[in-house]
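Chemist: First the structure, then my questions, so here it is.
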Amino acid sequence: MRICAMLLLVALPMLAKSDVAVQAWSRATPPGASSAAIYGLFENNSSREMRVVEVRFAGARHAMIHRTVEDEGMARMIHGEILVPAGKRYELKPGGLHIMLMGVSAPLLQGCRYEFQILWQSGDATKHEFVTGGYGQMVYPADTEPVGGHAMERLCP
Ligand SMILES: [Cu+2]
């Protein structure tokens, strides 16, 4: 019991309440796919600029911030940055800025919610969730039918 209380005291300051509301989403991944992308709307409700330093997702080896650019008619990805001005919105969407998940260990399932973490330049670490739409999802999957009968409310591993 004493150990639990101590752990709680240590863990609490690490996950701050986020000043940035994140409505994140992704696509289901086909079996064998090793990468995925997170998109979504970032809304900064604070009076300071918020910059993402790192994204962590337990289901992937590594997460990077990418921007898709058109280069002589070919789409390619370069390093990007998530910088949300104070009081402003910032959107990550297909064909533009995204969080790239590399080394995805298990397929992302349609109609699931997954937890991930953001480390901010301010020093805050915040916890968020993304929801998964279908393979060709282009916008936030508000009305996605869960595959396999499990509810959208289900938190996936
Ligand atoms: Cu990418």
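Chemist: Taking every DSSP beta bridge with both residues inside the range 70-132, roughly what % is antiparallel (nearest 5)?
Modeler: Antiparallel bridges make up about 100 percent of those DSSP assigns within the range 70-132.
Chemist: Could you give the nm distance between label points at Val69 and Arg89, where each point is 7 Å from its Cα heading toward the beta carbon?
Modeler: 2.7 nm
Chemist: Spin-label point model (7 Å from Cα, Cβ direction): what's the Ser46 to Met138 distance in nm?
Modeler: 3.5 nm
Chemist: For Pro85, what is the net charge nearby, where nearby means another residue's Cβ is under 15 Å from its Cβ and Lys, Arg count +1, Asp, Glu -1?
Modeler: Here the charged neighbours net out to -1.
Chemist: Once both labels are modelled 7 Å past Cα along the beta-carbon direction, what's the Ala58-Lys17 spacing in nm?
Modeler: Placing both labels 7 Å along Cα→Cβ, they lie 2.5 nm apart.
Chemist: Would you mind ranking Val52, Val69 by Cβ crowding within 10 Å, fewest neighbours first?
Modeler: Exposure proxy ranking, most exposed first: Val69, Val52.
Chemist: Order by neighbour count: Ser122, Ser34, Ser47, fewest other Cβ atoms within 10 Å first, most last.
Modeler: So the ranking, lowest neighbour count to highest, is Ser47, Ser34, Ser122.
Chemist: Taking θ as phi - 60°, what are the ³J(HN,Hα) couplings along the range 120-136 by the Karplus curve (6.51, -1.76, 1.60), each to the nearest whole Hz, with x for Gly and Pro?
Modeler: Going residue by residue, I get 9, 4, 5, x, 6, 10, 10, 9, 9, 9, 10, 10, 10, x, x, 4, x Hz, with x marking Gly and Pro.
Chemist: Remind me, relative contact order of the range 2-135 in percent, using alpha carbon pairs under 8 angstrom and six or more residues apart?
Modeler: Contact order relative to length: 34 percent.
Chemist: Under 13 Å Cα to Cα from Lys127, which aspartates and glutamates show up? Leave out anything in the same chain fewer than 8 places away.
Modeler: Candidates past the 8-residue exclusion: Asp19, Glu54, Glu115.
We did not get these values from a lab; they are worked out from the coordinates using the rules stated. The structure presented is a predicted model; accordingly, all values stated were derived computationally and were not measured. Every residue, glycine as well, gets a Cβ built from its backbone with ideal geometry; the counts of neighbours run over all protein chains shown.
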